[in-house]
Amino acid sequence: MKNTALVNKHIALGAKMVPFAGYNMPVQYEGVNAEHETVRNSVGVFDVSHMGEFVLRGPKALELIQKFASNDVSVIADGKAQYSCMPNGKGGIVDDLIIYRVNSEEFFIVVNASNIEKDWNWISSLNNLGVEMENLSDHYSLLAIQGPKAAEAMQSLTNVNLQNMVYYTFQYGTFAGIENVMISSTGYTGSGGFEIYVKNEDVNQVWDKVFEAGASFGIKPIGLAARDTLRLEMGFCLYGNDIDDTTSPIEAGLGWITKFTKEFTDAELLKKQKENGVSRKLVAFEMIDRGIPRHDYLIKNAGGETIGKVTSGTMSPSMKVGIGLGYVTVDNAALDSEIFIDIRDKGIKAKVVKLPFYKK
Amino acid sequence: MNIPANLKYTKDHEWVSLDGDIATVGITAFAQSELGDIVYVEIETEGETIEAEEVFGSVEAVKTVSDLFMPIAGEIIEFNTELESNPELVNSDPYGKGWMIKVKVEDTSKASELLDAAGYAALIG
């Protein structure tokens, strides 16, 4: 199992450490509900250094990305980021990812920790264009500084104007005394903030300065458990739960990042799905009766027939109600449809709702 | 870790306090700490007679759900209804306000089969 460069910080802070995607990661510090609230109301810091980072360079880098990515990366300018996914040639998803355009011949892409090797091999297999590929995953750390006070709390550490940064853009600047740090206004929480990419050898210094600068804002370290509840309240997909090699982006509600304005892996198949419809869809649901949905619980209709399965579920710390995502047959996928989550052999009533669950 | 000497314990991390033939049952400080923030305690077996080691309910934390096991056979005569609106009492006061059920025990001599505090401390290491 791998450690991030910050492992000793987590242990010193009393984090509960768990194996996740091959890494020894902090799942919680003081408790998931308190950490969740910190990010929703002020600012918190996640060590998400397990995430994978690749650089693609060369005159045909854009062409390669257009082949493997479902979204149309030609529409973004230098300094912009884009959410995308990689179809797997069979209508499923290799991974979801963020693509950063550094310039017309250099792109930085961020992938899920559990898929680093699979993604590398997949992109390599499509790279008959001579694009230079570099895997920086073992050399870079990633801090997600998230919450409504993130910009204000971190401003003293950098020459980049954080307040003015537009969502899904990035800049290079000095951060916490380190030059040329990539600061990205992205995140997986729905509460705003930044993701900071720094070299492993610099990250302990950056971590300490982030906590010093954020002290008067009540900054706290946040574990993976709260990362999951925060993302789920927004309805953001988690690879391995809500999307995987067997789910299509159209079924998963990722039609908005599947652009038929260009050629890409599975374009034809996915276009047919979009035109003709799919048999199941990923829906968001909220419990009407008391209960907490969990991954792999069955979803049934009023008649007790199985119509699908829960892919993510939790008690929402913000709303104090059970929420979840799951695939159901299309005739049960309309908003307000009444569905039943099979919890300990009882059908507990829920209804299909619109995302996000959490509204500021 | 707090393991009161006056209680009995199970390997499934329940504690038992016996007063005559009435047992009060909850989960240990270790169990609540392993589970994390508890958000739901579901016990729908009030009035039922349940064998030792059978499931009498479940406890849900934000991330996980765990079954609750009867430490000793008997009839569940009361459920701590305070937990319906304040399940976090199991975290903040596991041996006190976070108690879960009261059981009318069939055979109090069976209590000797439960772990004592030292035995439980050895179990959780």
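The values are calculated or read from the model by the stated rules, or taken from the named source; none is laboratory data. On a predicted model such as this, the values are computed, not experimentally measured, just so you know. Please note: Cβ atoms are built from the backbone with ideal geometry, for glycine as well, and neighbour counts cover all protein chains shown. Calculation scope for accessible area: heavy atoms of the full protein, side chains included, ligands and nucleic acids excluded. Shrake-Rupley method; radii C 1.70, N 1.55, O 1.52, S 1.80 Å.
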Which fully enclosed helices (runs of 4 or more DSSP H) of the range B:14-100 have 2 or more residues being within 11 Å of chain A (Cβ to nearest Cβ) and open to solvent by less than 50 Å² (accessible area, probe 1.4 Å)? B:29-35
Scan the range A:27-81 for residues that are within 30 Å of B:Gly36 (Cα to Cα) and in a helix (DSSP H, G or I) and jot them down. A:Val32, A:Asn33, A:Ala34, A:Glu35, A:His36, A:Glu37, A:Thr38, A:Val39, A:Arg40, A:Asn41
Would you say A:Glu30 is open to solvent by less than 20 Å² (accessible area, probe 1.4 Å), farther than 19 Å from A:Val203 by Cα and within 14 Å of chain B (Cβ to nearest Cβ)? no
Being part of a helix (DSSP H, G or I) and not aliphatic (A, V, I, L, M) is the filter; apply it to the range A:288-344 and report the residue that is most open to solvent (accessible area, probe 1.4 Å). A:Asp331
Considering only residues of the range A:268-287 that are in contact with a strand residue (DSSP E or B) (Cβ under 7 Å, 6 or more places away or on another chain) and open to solvent by 20 Å² or more (accessible area, probe 1.4 Å), which is farthest from A:Ala333 (Cα to Cα)? A:Glu286
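Yes or no, residue by residue, for (1) touching a residue at least 60 places away in the same chain (Cβ under 8 Å); (2) in a helix (DSSP H, G or I); (3) among the aliphatic types (A, V, I, L, M):
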| site | (1), (2), (3) |
| --- | --- |
| A:Ser125 | no, yes, no |
| A:Ser137 | yes, no, no |
| A:Pro148 | yes, no, no |
| A:Leu162 | no, no, yes |
| A:Val181 | no, no, yes |
| A:Trp207 | yes, yes, no |
| A:Ala215 | no, yes, yes |
If we ask which residues in the range A:255-303 are under 25 Å from the mean Cα position of the chain (by Cα) and within 30 Å of B:Val39 (Cβ to Cβ), their number turns out to be 16
The range A:244-267 - residue that is closer than 21 Å to A:His295 by Cα and among the small types (Gly, Ala, Ser) and, of those, surrounded by the fewest Cβ atoms within 10 Å (Cβ to Cβ): A:Gly253
Determine whether the range A:118-126 contains at least one residue that is among the aromatic types (Phe, Trp, Tyr) and over 24 Å from A:Asp78 (Cα atoms). yes
